[in-house]
1. Taking 0.36 nm per intervening residue step and subtracting the Cα-Cα distance, what contour gain separates residue 215 from residue 70 on full extension?
2. Set the Förster radius R0 to 30 Å, insert the Cβ-Cβ distance between residue 269 and residue 26 as r into 1/(1 + (r/R0)^6), and round the FRET efficiency to 0.05.
3. Quote the Stokes-Einstein diffusion coefficient, in whole µm² s⁻¹, for the range 3-88, based on the Kirkwood radius over alpha carbon pairs, a temperature of 4 °C and a viscosity of 1.567 mPa s.
4. Around residue 76, which amide H atoms from residues at least 5 apart in sequence, or from another chain, sit under 5 Å from its own amide H, with H modelled in the peptide plane?
5. Mind sorting 263, 207, 254 by how few other Cβ atoms lie within 10 Å of their own Cβ, fewest first?
6. Which is farthest toward the positive dipole end of the chain among 100, 88, 198, measuring Cα position about the Cα centre, with Cβ charges +1 (Lys, Arg) and -1 (Asp, Glu)?
7. Say the cut-off is 27 Å between C-alpha atoms; which of 28/200; 109/200; 3/71; 71/109; 71/200 go over it?
8. Can you put 105, 46, 79 in order of Cβ neighbours within 10 angstrom, beginning with the fewest?
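Where a number appears in this text, it was derived from the coordinates with a stated rule and is not lab data. Computed from a predicted model, the values in this text were never measured in an experiment. Cβ placement follows ideal geometry from the backbone for every residue including glycine, while neighbour counts extend to all protein chains displayed.
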Amino acid sequence: MTKQIELIEVGPRDGLQNEPSPITTEDKVTLVNLLSEAGFSTIEVTSFVSPKWVPQLADAHQVMTQINRKKAIRYIVLTPNQRGYDGAIAADADEIAIFAAATETFSQKNINCSIEESLARFEPVLAQARARNLPVRGYISCVVGCPYEGDVAPEAVTYIADWMLARGCYEISLGDTIGCGTPQTISALLDRLTADIPAKLLAGHYHDTNGRAIENVMTSINFGLRRFDSAIAGLGGCPFAPGAKGNVSTNALHNALSEAGWHTGLDADRLSDAAEFISRLVTPR
């Protein structure tokens with residue numbers, strides 16, 4: 001097939017980070033192993049972040065070293081700083097991700113520093129990753145709306161995207177962190193971004209707070225984007241973004257794309273198995 005869309009599974013990390021009930025290391029490993037059977041080429045497994053701030057991911061090293069890895073899959077981890085990078089290297093991550101916010105207030109609430117300070121923290125991490133030929137993915141939070149500052153100007157997102165790409169990130173994942181995006185606001189953002197940045201360097205990461213995430217994916221496809229983050233069973237929510245709901249469901253997005261004639265390469269039955277497994281363990285929303 002020529003109409004290809006790639007889904008990057010972020011459920012084990014972005015999906016579970018805000019889960020109030022403890023999920024055991026064994027169950028996290030089982031979830032990743034189930035997802036590894038579903039046909040993904042990239043799975044975001046965990047984050048090497050302070051357990052003080054995100055206790056659900058305190059077992060990042062154990063999870064990364066206990067999963068059954070498949071050679072065809074890149075297992076990615078989020079790295080907020082030098083310590084996170086060191087943890088990723090120790091766990092033999094295939095890829096790392098860095099992140100910055102498009103608004104100052106969210107940056108302060110999320111990682112307790114300004115946007116410029118956050119970017120400065122990533123300078124040595126990016127340099128070390130380049131020296132290792134380790135792929136780095138860049139995330140930008142609150143690309144269309146912020147829980148503290150409201151609407152976000154596309155120019156603020158463009159600035160951070162350009163910064164990350166100039167320092168070696170191979171792709172920028174655009175995060176609608178609170179799920180306020182609409183086809184209109186996503187179009188305005190992508191109209192500005194794709195004027196300077198090729199669509200192949202952009203991915204969509206849309207939360208489904210207002211039930212518009214799949215529409216926003218379809219809108220983004222019209223701008224040439226072909227990679228999207230999603231979470232099994234619609235897991236998710238950000239601990240630093242009041243009101244944020246789950247990511248767009250991998251299962252629902254796969255079905256919608258398939259009905260529209262797009263091919264994801266994913267096995268719907270395997271996705272259902274993974275969704276049923278984790279749905280029994282998380283707090284109902």
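1. Length gained, residue 215 through residue 70: 49.0 nm.
2. The formula returns an efficiency of 0.80 here.
3. Approximately 99 µm²/s, per Stokes-Einstein.
4. Those lying under 5 Å, H to H, from residue 76 are 43, 44, 45.
5. Ordered by Cβ neighbours within 10 Å, fewest first: 263, 254, 207.
6. 88
7. 28/200; 109/200; 71/109
8. 105, 79, 46
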